[in-house]
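Down below is the structure, laid out as structure tokens.
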Amino acid sequence: MTQANPMLEMRGVGKWFGNFCALYDINLDVRPGERMVVCGPSGSGKSTMIRCINRLEEHQAGQIVLDGVELTEDTKNIEQIRRKVGMVFQHFNLFPHLTVLRNLTLGPMRNFKVPEKEARETALHYLERVRIAEQASKYPSELSGGQQQRVAIARALCMKPKLMLFDEPTSALDPEMISGVLDVMVELASEGMTMMCVTHEMGFAKEVADTMVFMDEGEIVEVGPPDEFFGNPKSDRAKLFLSQILSHH
Amino acid sequence: MATTTERLPPPVKKRVKLTLIDLLIFALVAAGVVYIAYRVESVLVYKWSWDTVLQFVVRRDEAGDLVPNLLVTGLLTTLRLAFWGTIAAAIIGLVMGLCRTSSNLFLRMVARLYVELIRNIPPVVFIFVFYFFISGQIMPLLGVDEFARNASPETARVIEFLFGPIGLFSNFLAGMICLAMFEGAYITEIVRAGIQSIEKGQWEAARAVGLSRFNVLRDVILPQAIRKILPPLAGQFITLVKDSAIVSLISIQELTFVAIEVAASTTRVFETWIVVGVMYFVVCYFFAVVFARLEKRGQRGRR
């Protein structure tokens, strides 16, 4: 095999909240350029898993290696890893006291000491890509949910991440706002961005995913290409989940 | 069929501004005021003598020019105390507030100890104990007295402008630090509440972008927290101005200290304290207006 080294390796990762086991023995490889969609019932540990990757949650067992660097307790190490990983949240979490443009330039200017002019140019470039450049000088509260989420994606892209994490990016949006955000994500996928996406948008999953990951009760139950997963799920839990989630489609 | 141009809002109902009950209450209050004035005038037979007291605000010197007198000097000392006290209390409050929300147990304990110690001791007791500690131990250690004594005339003039009479420099500093330590404890709690009121998502987003701890606080958390805590902070700074009267107990010659002397020497108690009350009011109200302005400016871009 002449496969490139994985972008992300998770080896036996475990995480507990008190006595509650949120993640157990998670083993996962993500190749560069791979588009992975993570699904599963609520409370199954999907969000916790991707939040461990940039240390918003601390894993208590196993190893997480990103781009050849293991995630450790060291603050500098954590900051370095976070700068390589872009994250998009369910509730956008834009900085309400900063304009859209300042939301985007903050990271590059503070982390990499990029001069303001250059940071602005990069920011405008990405705002254009998420089709929202005309809103650059507005405050987040003046935008719709869909627009805010696209700004959040642009904010993550401004750090030129090697891996993008999406934590249910469309779950908090009004229905008519969802497609705008998904379009941006599809475009990103087609450009070869490595992404991991927790979502219930199965249409999106079928369209862009290389790999489907199905989780339940803190464990990875099934990993496979979408055709296989949707056409012929192996586990009963996945069958049940799919029948529930697809019953209205 | 109604077209969009016909979709006008319904006519606005005029609100009656004053009801009969409002007028009745006004009449009662007015009657009360008149009655009190009558009692003072004809029953108490108090002879108002404003001139005696106003002389202590401004007086005419030998050449006949108006020069500020004791009460104004006292007011200036109060203003200096308030100015430096506010700055020092804000710094102490910010630092301790950050310690209070730190993930480091030691820092949290230090800040907690500080806050609880001060909140649970009467200010007078705290100031008596702490003042003598500061003026007796810390000030000589820092060589403040020596510095003041050996200051060149230019330095002395700057110090006099900023801190009042140079002979009382170390005294003033000690009093100011006491005041700031005292108010700082309350500001610590306000800052802590402000920081903790910022939702988890903001911390997470700032961290996810890869900002260092310092930048997370400086660029994301504190700017939002400060907007939220401006109203209670304004209240605390106004309290600081009023609480500065406490340091009269340790012979700092601020407004209240001077007022006690003026009231005693003139025996015009009411006049003195009314004049002093007006002076405090003007200073505090000025603070209130400035903060209201700041608050308005901070409204921009709020969620």
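The values are calculated or read from the model by the stated rules, or taken from the named source; none is laboratory data. This is a predicted model, so every value here is computed, not measured. Please note: Cβ atoms are built from the backbone with ideal geometry, for glycine as well, and neighbour counts cover all protein chains shown.
Inspect the stretch A:98-116 for any residue being over 29 Å from A:GLU201 (Cα atoms), hydroxyl-bearing (Ser, Thr, Tyr) and either facing another protein chain (nearest Cβ under 9 Å) or more than 22 Å from the chain's Cα centre (by Cα) (or both) and give the result as yes or no.
Looking through the stretch A:98-116, at least one residue is over 29 Å from A:GLU201 (Cα atoms), hydroxyl-bearing (Ser, Thr, Tyr) and either facing another protein chain (nearest Cβ under 9 Å) or more than 22 Å from the chain's Cα centre (by Cα) (or both).
Going residue by residue through the stretch A:57-74, is there one that turns out to be at the interface with chain B (Cβ under 8 Å from one of its Cβ atoms) and farther than 19 Å from A:MET193 by Cβ?
no
Answer yes or no as to whether B:ARG80 is part of a helix (DSSP H, G or I), in contact with a Gly (Cβ under 6 Å, 6 or more places away or on another chain) and not β-branched (Val, Ile, Thr).
Yes.
So the check is Cβ under 6 Å with 6+ separation or different chains; which pairs have a first residue in the stretch A:44-72 that's among the hydroxyl-bearing types (Ser, Thr, Tyr) and a second one that's part of a loop (DSSP other than H, G, I, E, B)?
Listed pairs, sorted by first residue: A:THR48/A:GLU57.
Against the definition (more than 18 Å from B:GLN202 (Cα to Cα) and of a type in the set (Val, Ile, Thr)), how does A:THR122 come out, yes or no?
Answer is yes for this residue.
What number of residues within the stretch A:163-207 are surrounded by 18 or more Cβ atoms within 10 Å (Cβ to Cβ) and either within 14 Å of the chain's Cα centre (by Cα) or under 21 Å from A:GLY33 (Cβ atoms) (or both)?
24
Return the total of residues in the stretch A:111-134 being crowded, with 20+ Cβ neighbours inside 10 Å and either farther than 23 Å from A:ILE178 by Cα or without any contact (Cβ under 8 Å) to a residue 40 or more places away in the chain (or both).
Total meeting the criteria: 5.
Among the residues of the stretch B:223-257, which ones are buried (at least 19 other Cβ atoms within 10 Å of the Cβ) and within 12 Å of another protein chain (Cβ to nearest Cβ)?
Answer for the stretch B:223-257, where residues must be buried (at least 19 other Cβ atoms within 10 Å of the Cβ) and within 12 Å of another protein chain (Cβ to nearest Cβ): B:GLN224, B:ALA225, B:ARG227.
Within the stretch B:49-91, how many residues turn out to be surrounded by 17 or more Cβ atoms within 10 Å (Cβ to Cβ) and basic (Lys, Arg)?
So the count comes out to 1.
Any residue at all in the stretch A:238-246 that is surrounded by fewer than 20 Cβ atoms within 10 Å (Cβ to Cβ) and in contact with a Pro (Cβ under 7 Å, 6 or more places away or on another chain)?
yes
Check the stretch A:78-96 and report whether any residue there is farther than 15 Å from B:ALA208 by Cα and away from chain B (no Cβ under 12 Å).
no
In the stretch B:117-138, is there at least one residue being of a type in the set (D, E, K, R) and within 24 Å of B:ASP243 (Cα to Cα)?
Yes, there is a match, as at least one residue in the stretch B:117-138 is of a type in the set (D, E, K, R) and within 24 Å of B:ASP243 (Cα to Cα).
Looking only at the stretch B:182-222, how many residues end up being touching an Asp or Glu at 6+ places or on another chain (Cβ under 8 Å) and either more than 10 Å from chain A (Cβ to nearest Cβ) or buried (at least 19 other Cβ atoms within 10 Å of the Cβ) (or both)?
So the count comes out to 5.
List every residue pair whose Cβ atoms sit under 6 Å apart, with the two residues 6 or more apart in sequence or on different chains, where the first one lies in the stretch B:268-296 and is over 12 Å from B:VAL241 (Cα atoms) and the second, anywhere, is of a type in the set (Ser, Thr, Tyr).
Cβ pairs passing all conditions: B:ARG268/B:SER49; B:ARG268/B:THR52.
Could you check the stretch B:145-173 and list, in sequence order, the residues that are in contact (Cβ under 8 Å) with a residue 60 or more places away in the chain and either more than 20 Å from B:GLU254 (Cα to Cα) or part of a helix (DSSP H, G or I) (or both)?
B:LEU162, B:PHE163, B:LEU168, B:ASN171, B:PHE172
What number of residues within the stretch A:64-77 are over 16 Å from A:MET164 (Cα atoms) and surrounded by 14 or more Cβ atoms within 10 Å (Cβ to Cβ)?
2
I'd like the full set of residues that are surrounded by fewer than 14 Cβ atoms within 10 Å (Cβ to Cβ) and of a type in the set (Val, Ile, Thr), limited to the stretch B:279-300.
B:VAL282, B:VAL289, B:VAL290
Can you pull out the helices (runs of 4 or more DSSP H) entirely within the stretch A:140-236 that have at least 3 residues that are within 14 Å of chain B (Cβ to nearest Cβ) and of a type in the set (A, V, I, L, M, F, W, C)?
By residue number, A:145-157.
Among the listed residues B:ILE246, B:ILE226, identify the single one that is over 23 Å from B:VAL125 (Cβ atoms) and not acidic (Asp, Glu).
Residue meeting the stated conditions: B:ILE226.
Do we have any residue at all in the stretch B:165-179 that's surrounded by fewer than 16 Cβ atoms within 10 Å (Cβ to Cβ), of a type in the set (Val, Ile, Thr), more than 14 Å from every other protein chain (Cβ to nearest Cβ) and more than 28 Å from B:ALA234 (Cα to Cα)?
no
Tell me which residues, restricted to the stretch B:41-62, are of a type in the set (Val, Ile, Thr) and modelled with pLDDT of 80 or more.
The answer is B:THR52, B:VAL53, B:VAL57, B:VAL58.
Quick check on A:LYS160: is it out of contact with any helix residue (DSSP H, G or I) (no Cβ under 7 Å at 6 or more places or on another chain), under 30 Å from A:THR99 (Cα atoms) and surrounded by fewer than 19 Cβ atoms within 10 Å (Cβ to Cβ)?
yes
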